[in-house]
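Asker: Pasting a structure here, questions to come.
The values are calculated or read from the model by the stated rules, or taken from the named source; none is laboratory data. Note that the structure is a prediction, hence the values are computed from the model and not measured. Positions of Cβ are backbone-derived with ideal geometry, glycine not excepted, and every protein chain shown enters the neighbour counts. With ligands, DNA and RNA removed, areas are computed over all heavy atoms of the protein, side chains included. Shrake-Rupley method; radii C 1.70, N 1.55, O 1.52, S 1.80 Å.
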Amino acid sequence: YKAYGPYFTRKVPVMVINQFGVSPNLKSPGGADKGPDFSVNGRVNPIVTMRPGEVQMWRIVNTSSRGGVFFNGPPTKFIEGGAPAAFQWRRIAQDGVQFNDYNYQLAAHQNSTFLLAAGNRADLLVMAPACPKPATTCTASVLVQNEVDPSDLPTATPLSLVTVKIAGAAYNPPMAFMDHAPSFPPFLEDIADSEVKGWQTIDFATQKQVAPPTQPAMHTINGKKFDGEVGVSVLLNKVEQWKITNATAGNISHPFHIHINPFQVVEVFDPNEKLSDGKTAKYVTTQAGILPTQCYLNPDADPETWKPCNPSVVPSSKNEIWWDVFPIPSGLSATKTDAAKTPIIIPGYFKMRSRFVDYPGYYVIHCHILAHEDRGMMTVVEVTPLLPPFSHH
């Protein structure tokens, strides 16, 4: 309001992304018949009109039943003749929670790529350039890719999510991005090490059925399909750190979603991560021929040793983003060196911290791939003001 005037919020487009499919989830054995294409507000590649020099705030939600939407950055060329297009954008909020000024100013959130997994939301300031002279109208495509796992991107065909049409009188002077993000409320300050009073591990896993092979895969949390019972208990006004693991091999980064409570991510381990060339594996399970830039994961060792080497996100980091959906990196298939050559999965994971305040009661955590949720990848969280006199076994 202060930056763009009293009527700015009337011109804030809400973009509801959805995904095309053929069969309802429970009618499709794999639940994965969703195609690569997306709609926005029920339309394919709709037109968003902007004036030259205008800034709009796009409020984007990915309601797709399976696919994540990977934004390839702001448009770099106009459709007409391929002339360069100097669009700019800046992310200002994630999952309904604003960025603090550090993250608003961070180069990684300006004119950059980003992923909205199924269930994610983002607020995005978009600035339109002028058309190349002498044109008075021009168009450009916002290109995205369908991503369920980072391994999808090399082969996922870019498609136009929306087309931006530039027309009308230019803003004079042009609008500009805000100099600073709005003031940050104290209750959204980073969760410090000293606040954490509880630790839990929550395991997501998808396993294919061996007999008969035509049966749907098993989708579980902590080894159980959803049965309505409490799977995770937390005391009210307690701060906890959870390790959310994914023992699914097969390139599925389950989007973890928690109701009510946003969280901060303090560590990420992706055993399928690639080196800077985008092709070579960063983590290997054999020391034969290992490169100096690779890291060894011992398949025979204690699973607690399977963790990031040279992590980019470490505990006690500052200015963390608040999420309520975050994709859990998929697992890596490996083989032990015992006589039986036992196959194992090295899970991917992230660690998150949350303040369980304000709301005592029951709600759920689940995978935001709806076919997985429908088939059992969900459990109940109980936030209780008192220690219960019983426990589940």
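Asker: Which of the residues belonging to region 246-271 are more than 20 Å from Arg355 (Cα to Cα) and among the β-branched types (Val, Ile, Thr)?
Answerer: Matches in region 246-271: Thr248, Ile252.
Asker: Separate question: Among the listed residues Phe187, Phe177, which satisfies the condition of being modelled with pLDDT under 95, among the hydrophobic types (A, V, I, L, M, F, W, C) and farther than 30 Å from Met352 by Cα?
Answerer: Result of the check over Phe187, Phe177: Phe177.
Asker: Let me ask another. Among the residues of region 356-375, which ones are open to solvent by less than 20 Å² (accessible area, probe 1.4 Å) and either without any contact (Cβ under 8 Å) to a residue 40 or more places away in the chain or out of contact with any Asp or Glu (no Cβ under 8 Å at 6 or more places or on another chain) (or both)?
Answerer: Within region 356-375, Gly361, Tyr363, Ile365, Ile369, Ala371, His372 qualify.
Asker: Could you please give the count of residues in region 336-381 that are assigned to a loop (DSSP other than H, G, I, E, B), farther than 30 Å from Asn18 by Cβ and either touching a His at 6+ places or on another chain (Cβ under 8 Å) or not polar (S, T, N, Q) (or both)?
Answerer: Residues flagged as assigned to a loop (DSSP other than H, G, I, E, B), farther than 30 Å from Asn18 by Cβ and either touching a His at 6+ places or on another chain (Cβ under 8 Å) or not polar (S, T, N, Q) (or both) within region 336-381 amount to 9.
Asker: Only residues that are under 21 Å from Pro174 (Cα atoms) and either open to solvent by 20 Å² or more (accessible area, probe 1.4 Å) or within 13 Å of the chain's Cα centre (by Cα) (or both): list them for region 92-122, please.
Answerer: Ile92, Gln105, Gln110, Asn111 - these are the residues of region 92-122 that are under 21 Å from Pro174 (Cα atoms) and either open to solvent by 20 Å² or more (accessible area, probe 1.4 Å) or within 13 Å of the chain's Cα centre (by Cα) (or both).
Asker: Still on this structure, I have one more. Only residues in region 81-102 that are more than 23 Å from Ala128 (Cα to Cα) count as the first member; pair them with residues that are at pLDDT below 95 and basic (Lys, Arg), Cβ under 9 angstrom, at least 6 apart or cross-chain, and list the lot.
Answerer: Tyr102/Lys318
Asker: For Ser330, all conditions in the list (1) on the phi > 0 side of the Ramachandran plot; (2) crowded, with 21+ Cβ neighbours inside 10 Å; (3) polar (S, T, N, Q) hold save one; what is the number of the exception?
Answerer: Just one mismatch for Ser330, condition (1).
Asker: Next question. Would you mind stating whether Asp179 is charged (D, E, K, R) and either crowded, with 18+ Cβ neighbours inside 10 Å or part of a strand (DSSP E or B) (or both)?
Answerer: Details: charged (D, E, K, R): yes; either crowded, with 18+ Cβ neighbours inside 10 Å or part of a strand (DSSP E or B) (or both): no.
Judged against the criteria, Asp179 is not a match.
Asker: Then there is this: Being crowded, with 17+ Cβ neighbours inside 10 Å, of a type in the set (A, V, I, L, M) and touching a residue at least 24 places away in the same chain (Cβ under 8 Å): is that true of Val230 here?
Answerer: Numbers: crowded, with 17+ Cβ neighbours inside 10 Å: no; of a type in the set (A, V, I, L, M): yes; touching a residue at least 24 places away in the same chain (Cβ under 8 Å): yes.
No, not satisfied.
Asker: Working only within region 131-173, note down all residues that are of a type outside the set (Phe, Trp, Tyr) and in contact with a Gly (Cβ under 7 Å, 6 or more places away or on another chain).
Answerer: Residues satisfying the conditions are Asn146, Glu147, Val148, Ala170.
For (1) at pLDDT 95 or above; (2) β-branched (Val, Ile, Thr), each residue gets a yes or a no:
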position	(1), (2)
Trp242	yes, no
Thr245	yes, yes
Ser253	yes, no
Gly278	no, no
Val284	yes, yes
Trp323	yes, no
Ile328	yes, yes
Lys341	no, no
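Asker: Only residues that are touching a residue at least 12 places away in the same chain (Cβ under 8 Å) and over 19 Å from Asn111 (Cβ atoms): list them for region 126-137, please. Show your work before the answer.
Answerer: Filtering region 126-137 down to residues touching a residue at least 12 places away in the same chain (Cβ under 8 Å) leaves 126-132, 135-137.
If the condition is that a residue be touching a residue at least 12 places away in the same chain (Cβ under 8 Å) and over 19 Å from Asn111 (Cβ atoms), then Cys131, Pro132, Ala135, Thr136, Thr137 are the ones that fit.
Asker: Checking Ile260 against (1) farther than 22 Å from Gly96 by Cα; (2) hydrophobic (A, V, I, L, M, F, W, C); (3) open to solvent by 60 Å² or more (accessible area, probe 1.4 Å): exactly one of these is not met. Which one?
Answerer: Every listed condition holds for Ile260 apart from (1).
Asker: A further question on this structure: Looking for something more than 15 Å from the chain's Cα centre (by Cα) and open to solvent by less than 50 Å² (accessible area, probe 1.4 Å) - is there at least one such residue anywhere in region 333-340?
Answerer: For region 333-340, residues more than 15 Å from the chain's Cα centre (by Cα) and open to solvent by less than 50 Å² (accessible area, probe 1.4 Å): present.
Asker: Select, from Thr163, Thr139, Thr155, the only residue that is part of a strand (DSSP E or B) and farther than 23 Å from Ala93 by Cα.
Answerer: Thr139
Asker: I'd like the full set of residues that are touching a His at 6+ places or on another chain (Cβ under 8 Å) and outside any strand (DSSP E or B), limited to region 67-104.
Answerer: Hits for region 67-104 are Phe99, Asp101, Asn103, Tyr104.
Asker: Go through (1) surrounded by fewer than 16 Cβ atoms within 10 Å (Cβ to Cβ); (2) without any contact (Cβ under 8 Å) to a residue 60 or more places away in the chain and name the single condition Trp306 misses.
Answerer: Unmet for Trp306, out of (1) surrounded by fewer than 16 Cβ atoms within 10 Å (Cβ to Cβ); (2) without any contact (Cβ under 8 Å) to a residue 60 or more places away in the chain: (1).
Asker: Mind listing whichever residues of region 45-66 are over 24 Å from Pro255 (Cα atoms) and in a strand (DSSP E or B)?
Answerer: The answer is Ile47, Val48, Thr49, Met50, Val55, Gln56, Met57.
Asker: If you don't mind, there's one more thing I want to ask. Is it the case, given these coordinates, that Ile166 is open to solvent by less than 90 Å² (accessible area, probe 1.4 Å) and either basic (Lys, Arg) or farther than 30 Å from Phe256 by Cα (or both)?
Answerer: Values: open to solvent by less than 90 Å² (accessible area, probe 1.4 Å): yes; either basic (Lys, Arg) or farther than 30 Å from Phe256 by Cα (or both): yes.
Answer is yes for this residue.
Asker: Would you tally the residues in region 203-222 being modelled with pLDDT of 95 or more and either on the phi > 0 side of the Ramachandran plot or surrounded by fewer than 16 Cβ atoms within 10 Å (Cβ to Cβ) (or both)?
Answerer: The qualifying residues number 1.
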